[in-house]
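Below is one structure, written out as structure tokens; the observations come after it.
The values are calculated or read from the model by the stated rules, or taken from the named source; none is laboratory data. Quick caveat, the model's predicted, so the values are computed rather than measured. Virtual Cβ from ideal backbone geometry, glycine too; neighbours counted across all protein chains shown. Surface areas here come from the heavy atoms of the whole protein model, side chains and all, with no ligands, DNA or RNA. Shrake-Rupley method; radii C 1.70, N 1.55, O 1.52, S 1.80 Å.
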Amino acid sequence: MNAPRLRTLPRARPRRSRRARAAAVVVAVPLGVAALLWLWYGTPYPAAAPDRVAVRLKGEAQRAYDEAALPGRPGVGPVRVDTGTCYYRGLRSVAHIDQGRSDVRSFGLDWRVTGVPEDAARSGQERTRARLEREGWTVVSTDERGFRYRLPGGEGADEDIVDVEWHHETGTYSVSVFTDCGKLPDGFDEYRWPEAEWDPRKAPSTPPAPRPATPR
């Protein structure tokens with residue numbers, strides 16, 4: 001006669017302690033709140049340093065002016081570094097459609113000269129194009145009027161753009177330099193901003209060294 005087989009009872013799983021459950025809640029709640037905030041506000045804008053940006057943009061504008069070597073070195077200034085509109089990000093943008101932010105701005109500088117002969121304009125464009133490519137800028141677009149190049153600034157940094165065009169109808173040679181949106185420092189006043197002023201004939205002969213390209 002066979003001996004009766006003993007039933008093996010399943011081993012009881014240890015219950016999670018109250019302390020462990022409380023710790024999980026403590027971690028999960030802030031993460032959930034952070035995720036909701038990110039969805040609402042979107043990716044934050046990087047901080048902007050207006051004076052440093054202005055010096056950089058004026059340096060690029062000056063170099064393009066010198067490279068153009070326009071006959072008679074016509075005046076194109078004084079002009080100012082202007083700020084542009086930037087918008088809300090994330091789901092909050094739905095509540096602020098087409099409404100710009102007062103604390104976040106882009107920066108740009110433009111100059112132009114009319115009546116420039118085509119041969120002079122094309123020579124100037126080629127000098128600027130060759131220099132940008134040597135410095136690591138990458139082409140964004142090109143057509144019969146000219147070109148646009150960009151210099152990536154790396155994750156969270158500014159991305160500069162240089163646009164050089166010549167318009168056959170009016171002989172207008174135009175240069176635009178601008179950069180990404182950035183969060184302004186407290187107390188910044190665009191209308192009382194001495195560093196915004198630029199006149200190529202009064203600027204230093206040696207502009208600031210260009211910023212090296214950093215691939216994204």
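With only Lys, Arg, Asp and Glu charged, each at its Cβ (+1 for the first two, -1 for the last two), find how big the charge dipole of region 42-90 is about the Cα centre; round to the nearest 20 debye. Show your work: numbers first, answer last.
Details: 7 positive and 5 negative charges, 20 e Å.
The calculated dipole for region 42-90 is roughly 100 debye.
How much area per residue is accessible in region 39-114 when the probe is 1.4 Å and only protein heavy atoms are counted (Å²)? Write down the numbers at each step before the final one.
On the way: 3800 Å² over 76 residues.
So region 39-114 comes to 50 Å² accessible per residue, rounded to a whole number.
Distance in nm between label sites at D186 and D119, each 7 Å beyond Cα in the beta-carbon direction?
6.0
Is region 110-201 rounded, prolate or oblate when judged by the Cα gyration tensor, a ≥ b ≥ c being the square roots of its eigenvalues, rounded requiring a/c under 1.5 and prolate requiring a/b larger than b/c? List each step's numbers first, then the result.
Details: a/c = 2.60, a/b = 1.45, b/c = 1.79.
Cα axes put region 110-201 in the oblate bin.
So, in Å, what gap is there between the alpha-carbon centers of region 46-69 and region 167-193?
So the separation of the two Cα centres works out to 9 Å.
Would you please name the chymotrypsin sites (Phe, Trp or Tyr not before Pro) within region 123-182 that are DSSP coil residues with at most 10 other C-beta atoms within 10 Å of their C-beta? Can you show the working numbers first?
On the way: sites: W137, F147, Y149, W166, Y173, F178; in loops: W137.
In loop regions of region 123-182 (DSSP not H, G, I, E or B), there are no sparsely surrounded chymotrypsin sites (Phe, Trp or Tyr not before Pro).
Between E197 and S102, take the C-beta separation as r, use R0 = 30 Å, and let me know the FRET efficiency to the nearest 0.05.
Values: r = 23 Å, r/R0 = 0.75.
Working from the Cβ atoms, E equals 0.85.
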